[in-house]
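Structure record follows, encoded as structure tokens.
All of the numbers you see were taken from the coordinates with simple rules; none came from a lab. This structure is a prediction, so every number in the text was calculated from the model and none was measured. Quick reminder, even Gly has a Cβ in these numbers, built from the backbone with ideal geometry, and neighbours come from all protein chains shown.
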Amino acid sequence: MDKGKRAKVEEEESELDAELVQAIEKLQEVQDELERVNEEASDKVLEVEQFYNEIRRPVYSKRNDIIHNIPDFWLTAFLSHPVLCDLLSDDDQKVFKYLESLDVEDFKDVKSGYSISFNFRANPYFEDTKLTKIFKFSDEGTTSVSGTQPKWKAGMDLTNGVLPEKEGLKRPLVEESFFKWFSDTTQKLSLDGIQDEVAEVIKDDLWPNPLKYFNAEPDEDGFESGEQESGDEEEGKGDGLDGEDDEPDEDDEDDDN
């Protein structure tokens, strides 16, 4: 290639590079504009959520007043929940009989955190009447956790691996107390996907509609907990082991005649 042709090719390549750079710069400007719109939308969503949180509070209070008159409401709801049911030991269930109300409350600035409170009647297990766990979110993506350490009465601590009133008898691992959750205040990094599943289930699932679990209502597929599997088994029994139907074949009918 002679010098003239080479210079022309280089000039064309330079023009293409300049056009590409210009296109990328324009694309970045549009992307920055989208980010500004998204941030504004997020702020508006938070404002709406904060507004309706204020409206929900008296409704939640009204609901709690009614629940006070229903024996073992929260215990039943926990035991009917597909996730929370496995967290209560037999001894935890005895404590939950003293649970009067549960309350989930977002901070006024909803993006900064929330609290979950369990309110108990006077009981033989601990001195407290209110156990609270608080989750504070930082702009860096970390979650600061604090909780109430139950003041257990003598011989009644369910979290030390010893059954109450049976000194020296170690609790099996499967019987680990739910009340250890209040003492778990390790910092959790949301950026790494590490979350407090118990808190999220209570806040986002149980708290909005506990009556659903108290009544053991079926899920969206129409099955109650554990019902679908047993139903499939019954269906399999009706089909027979080899999958053949129960209708007689033509040869059988001819023999009968």
Radius of gyration and Dmax for segment 45-132's Cα atoms, expressed in Å? 14.9, 45
Trypsin sites (Lys or Arg not before Pro) within segment 63-130, DSSP loop, no more than 16 other Cβ atoms inside 10 Å: LYS97, LYS108, ARG121
How much net charge surrounds HIS81 when only other residues with a Cβ under 11 Å from its Cβ are counted (Lys, Arg +1; Asp, Glu -1)? -1
Beyond 22 Å, what share of the Cα-Cα pairs of segment 19-168 remains, rounded to the nearest whole percent? 60
Kindly provide the GluC sites (Glu not before Pro) of segment 87-160 that DSSP labels as loop, not H, G, I, E or B, and whose Cβ sees at most 13 other Cβ atoms within 10 Å. GLU127, GLU140
On the formula 1/(1 + (r/R0)^6), with r taken between the Cβ atoms of GLU54 and THR185 and R0 of 30 Å, the FRET efficiency rounded to 0.05 is 0.55
